[in-house]
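The block underneath contains the structure these notes are about, expressed in structure tokens.
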Amino acid sequence: MISCRWGGYPLKRTSWGGWPLRRRLYLSLASTTLLLANLCIYLLHHTSSFRPKVSGSSWNTSVTGERSWRSSWRSSEVVVTPNTTLSDSLLKTQRRIQDRVALLRKECQGLRKPSLVKQMALDVQVKSRSEVLEDHKVMVCQVLKAGSSAWNYLLAHRYNMTHLLKNRLFYQVLNALNPSLKRFREVARSSDFVRFLVVRDPLERLLSAYRDRILDTTHVSWQAHHFVPLILGRTRGRSYSRNELYNTDGSVKVVPSFSEFLSFIVDEEPQDFDPHWMPIYQACGLCHVNYTAVVHTETFLEDIQYIMRVSGLDTKVNSSLLMENRNKGHGGDTHDLLLTNYQTIDPSLYFRVVRKYKHDFGLFGYDPGRLFQQLWPNSTIKWKLLKGLSHAD
């Protein structure tokens with residue numbers, strides 16, 4: 001047996017070759033050092049002075065005509081001076097947006113503050129969904145299935161992204177305007193920027209995601225290929241062969257029902273969700289980033305026109321473009337579609353959905369009880385209990 005002395009006490013080597021006390025000390029020291037290093041990096045970014053850094057405005061095209069998104073393009077160096085004179089209708093919109101921001105901040109006060117490690121992770125998450133318009137002093141967190149296509153279509157025109165317009169690749173505007181992590185942290189804490197996001201009733205957004213990404217077999221979506229086998233395996237307890245599951249063109253043969261789609265989602269962790277149905281609270285760090293405006297899809301055009309006016313974007317592009325590419329869905333009245341699809345699920349699943357998206361309901365003022373009462377008018381469930389789920393921590 002080999003032994004040595006540390007601090008006056010003999011340490012014997014164990015049969016598996018480790019020094020028990022020293023090993024624990026080394027591991028503890030390494031963990032503490034790593035945590036302190038991450039903390040120092042985080043604090044360095046948060047306390048650095050605000051120095052706007054804007055790249056050139058060229059849109060470089062290679063020989064093949066392809067764009068190199070992250071390195072070749074940034075918005076103009078020249079900051080646009082907005083016309084801050086607001087009409088009566090825009091003043092009304094301003095008050096409505098201010099009320100939404102006040103609700104957001106009030107609800108956030110009742111939620112637990114995330115740890116520093118979680119805050120660093122949120123920075124990375126929100127940065128990945130953010131577009132920064134340097135010349136208009138605007139940052140937007142991109143929420144899929146909430147007007148993102150219409151907004152990106154507008155920006156593609158603003159910055160003459162002809163390649164994207166020609167090929168209808170509007171989602172790639174995010175790649176072109178996505179900031180570095182350092183720049184994101186500067187903009188997220190700057191008093192010079194308008195920071196906004198577009199939100200939607202969670203029940204509507206979930207149905208829209210299901211219909212567009214899972215149900216619609218006229219186009220082949222990544223979500224259908226990735227999630228349909230998982231959903232069917234979870235809800236039906238069996239696996240399907242490739243020939244059973246897919247047509248020759250790649251579209252899905254066996255489509256999960258809306259109830260199966262929701263049953264799969266409520267059993268998953270929000271951080272593992274696809275961006276098309278990830279809770280907005282999670283995707284955009286609602287109580288982490290200090291947003292100065294909240295746009296609702298119900299008043300999308302009026303709200304965006306206000307954002308355009310206060311940022312000067314209305315002097316560079318016409319807001320009528322918003323309606324040219326606004327996704328109208330796949331037919332049918334929104335409310336009728338909600339009733340038709342949600343009546344196929346049982347009340348217990350409805351409750352689980354509300355619980356999973358409780359922060360999105362509470363932070364944005366959406367009431368999950370309204371649709372429930374229409375679906376199950378004779379239910380004896382206390383509505384205060386259901387509403388409380390959307391505000392509980």
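Some points to look at:
- Unmet requirement for PRO279, which otherwise passes all of (1) farther than 21 Å from LEU104 by Cα; (2) under 17 Å from the mean Cα position of the chain (by Cα): (1)
- Among the residues of segment 355-380, those that are free of Cβ contacts under 8 Å to residues at least 40 places away in the same chain, in a helix (DSSP H, G or I) and not basic (Lys, Arg) comprise GLY369, PHE372, GLN373, GLN374, LEU375.
- Whenever a residue of segment 217-238 is assigned to a helix (DSSP H, G or I), its partners that are of a type outside the set (Phe, Trp, Tyr) and exposed (fewer than 13 other Cβ atoms within 10 Å of the Cβ), lying with C-beta atoms within less than 6 angstrom and at least six residues away or across chains, give the pairs GLY233/SER239.
- When VAL140 is tested against (1) farther than 19 Å from GLY312 by Cβ; (2) buried (at least 23 other Cβ atoms within 10 Å of the Cβ), just one condition goes unmet, and that condition is (1).
- Pair list, Cβ < 6 Å and 6+ apart or interchain, from segment 255-266 residues that are within 21 Å of VAL220 (Cβ to Cβ) to residues that are crowded, with 18+ Cβ neighbours inside 10 Å and aromatic (Phe, Trp, Tyr): PHE258/TYR210; PHE261/TYR210
- Qualifying residue in segment 102-114 (condition: at pLDDT 95 or above and touching a Gly at 6+ places or on another chain (Cβ under 8 Å)): yes
- Hits in segment 194-208 (condition: within 15 Å of the chain's Cα centre (by Cα), open to solvent by 20 Å² or more (accessible area, probe 1.4 Å) and over 9 Å from LYS145 (Cα atoms)): ASP201
- Scoring THR248 on the criteria (1) assigned to a helix (DSSP H, G or I); (2) over 26 Å from the mean Cα position of the chain (by Cα) leaves a single failure, condition (1).
- Single residue of segment 303-334 satisfying the filter (of a type in the set (D, E, K, R) and at pLDDT below 90) that is surrounded by the most Cβ atoms within 10 Å (Cβ to Cβ): ARG326
- If you go through segment 284-302 and keep only what is assigned to a helix (DSSP H, G or I) and open to solvent by 10 Å² or more (accessible area, probe 1.4 Å), you end up with THR297, GLU298, THR299, LEU301, GLU302.
- Within segment 82-94, being open to solvent by 70 Å² or more (accessible area, probe 1.4 Å) and modelled with pLDDT under 95 holds for ASN83, THR84, THR85, ASP88, SER89.
- Meets criteria (in contact with an Asp or Glu (Cβ under 9 Å, 6 or more places away or on another chain), over 25 Å from LEU104 (Cα atoms) and crowded, with 22+ Cβ neighbours inside 10 Å) for VAL220: no
- The residues of segment 341-355 that are open to solvent by less than 40 Å² (accessible area, probe 1.4 Å) and aromatic (Phe, Trp, Tyr), listed by number, are TYR342, TYR350.
- Some residue of segment 143-160 being open to solvent by 40 Å² or more (accessible area, probe 1.4 Å), over 20 Å from PHE300 (Cβ atoms) and not basic (Lys, Arg): yes
The values are calculated or read from the model by the stated rules, or taken from the named source; none is laboratory data. Because the structure is predicted, anything quoted here is derived from the model rather than measured. Every residue, glycine among them, receives a Cβ derived from its backbone with ideal geometry; neighbour counts consider all protein chains shown. Just the protein is used for accessible areas: all its heavy atoms, side chains included, with ligands, DNA and RNA removed. Shrake-Rupley method; radii C 1.70, N 1.55, O 1.52, S 1.80 Å.
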